[in-house]
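Taking it in order: structure first as structure tokens, then the write-up.
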Amino acid sequence: MQNLVLIFIGVCGVAIGAAAYFALGLTPIEAGLLALVIIVGGAMIEERNARRRAFRRLEQGVEEMGRLLATDAKAGQVLSQRVNALVDLELGPRLDVIEADMSVLGTVVRQVAEAVSDLETAQAASTPVQREDRAPTAEPESRRAPTIALDIVKRALDEGHLVHHARPIFTLPQRKVHALDLVPRLDVEGRLAEPPEYMPIPTGEGTVVLRRIDRLCAEEAIRIVRRARLNGDPVRILVDISPASLGDKPALDQTLILLAANRAINADIVFALDYEEWAGLSRPQSDGLASLVQQGVLVALRNATTLRLDFAGLAEKGVRYISVGARAFLKTPTALTDFHSSDINDYIKRFGINLVVTDLEAESEILALLDDGIRLAQGPVMGETAPLRADLRDEGDDSLRRAAAR
């Protein structure tokens, strides 16, 4: 800006000199001297004004700095007063109270640890007795008695009449589908029979048929998950597997080959076992289940009769779902766990395991589960067992399905 002013002064001086030369008749030297005097005088005046403006800005800056220093001095004074107040505090009595509280807390923690240790010792001591008591009742005949003859079941399987429906598991409170529970129903003379009606007893020929049903259900679950992935809407499937299949090497090898060929979707496959069957697994059967988990599938325990479990150990074995009945959880929670019903879900979730409350029959039960912080539920009041969605169904030829069933 100052350069423009100086240029303007120079132009004015030259113009005045030219005017004096042409209008007043001055000689060129006189006109040049006049122009030079005007230019130099104007430049000196402008330089003086510029210095005044600079000094004025400097004075304003010094005044602003002084105000800031005064503000900082006040803040330092206030801080000094607070520090002096802290120095004058008597922290001794307060520290004594804190130490006393910590001592009481330490005593409580020690008592809790001792109680947990006693419970674990008692549980470990009672485990063999429970297994001995369970051994005599492990006979399949006393556990379930199908109402449909085995020959009829075999003929229906040969004809491809095993129909796969699904029972949804919902999230709370959104009520969105979290997973599908695969329910194999058998079409017998135009009527769909539920699994308890036809599922064979795992002895003799019934064991062979049971393994066959397990294989068909596993194949269907993989097909459903694969179709869901292709449709861009992944879904997780819970499919039952019996100890008879886990303990039989040929049947287990077939399942392992099937999983190895579909490793990309194995994370959406969940093999489900009844809690009593899980507790009664033999060493070969446990090893068979572990080999399935190594392929990336998950494990679910159905109908748990207790939540006093080693959840860390279950998580290491691939267990990601544990289901309990709504009646037992809501009516007699103390029979299931020592935790409060509103705390057990968060505790189990720490180990990566989901608690599912099943057999809900009323909206009031859903509200009670929401109060307890339960996030997964299943039951007729939320969704009945029904055919799969159209995009997940097998629309293939019946002859091909019958051939696969054989």
Practice task
Taking the options V225, V235, name whichever one is within 30 Å of the chain's Cα centre (by Cα), in the same structural domain as P168 (by TED's automatic domain parsing), modelled with pLDDT of 90 or more and not in a helix (DSSP H, G or I).
Solution key: V235
Completion exercise
The lone condition T203 fails out of (1) part of a helix (DSSP H, G or I); (2) over 17 Å from R302 (Cβ atoms) is (1)
Practice task
Test L238 against the stated conditions and say whether it is among the aliphatic types (A, V, I, L, M) and over 29 Å from R389 (Cβ atoms).
Solution key: no
Problem - Filter result for A326 (closer than 25 Å to T171 by Cα, touching a Phe, Trp or Tyr at 6+ places or on another chain (Cβ under 7 Å) and among the small types (G, A, S)) - result: no
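Here's the yes/no breakdown for (1) of a type in the set (S, T, N, Q); (2) without any contact (Cβ under 8 Å) to a residue 40 or more places away in the chain:
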site: R236; (1), (2): no, no
site: S242; (1), (2): yes, no
site: G247; (1), (2): no, no
site: A251; (1), (2): no, no
site: T255; (1), (2): yes, no
site: R263; (1), (2): no, yes
site: A267; (1), (2): no, yes
Exercise for the section: State whether the residues of region 278-297 include one that is among the aromatic types (F, W, Y) and under 18 Å from N345 (Cβ atoms). Expected result: no
Problem - Condition broken by A35, with the remaining ones in (1) surrounded by 10 or more Cβ atoms within 10 Å (Cβ to Cβ); (2) under 52 Å from the mean Cα position of the chain (by Cα) satisfied - result: (2)
Exercise for the section: Search region 65-93 for residues that are at pLDDT below 85 and pair each with any residue that is loosely packed, with under 10 Cβ neighbours inside 10 Å and assigned to a loop (DSSP other than H, G, I, E, B) when their beta-carbon atoms are under 6 Å apart and the residues are at least 6 apart or on different chains. Expected result: none
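The values are calculated or read from the model by the stated rules, or taken from the named source; none is laboratory data. Values in this document were obtained by computation on a predicted structure and should not be read as measured data. Note: ideal-geometry Cβ built from the backbone for every residue, glycine included; neighbour counts use all protein chains shown.
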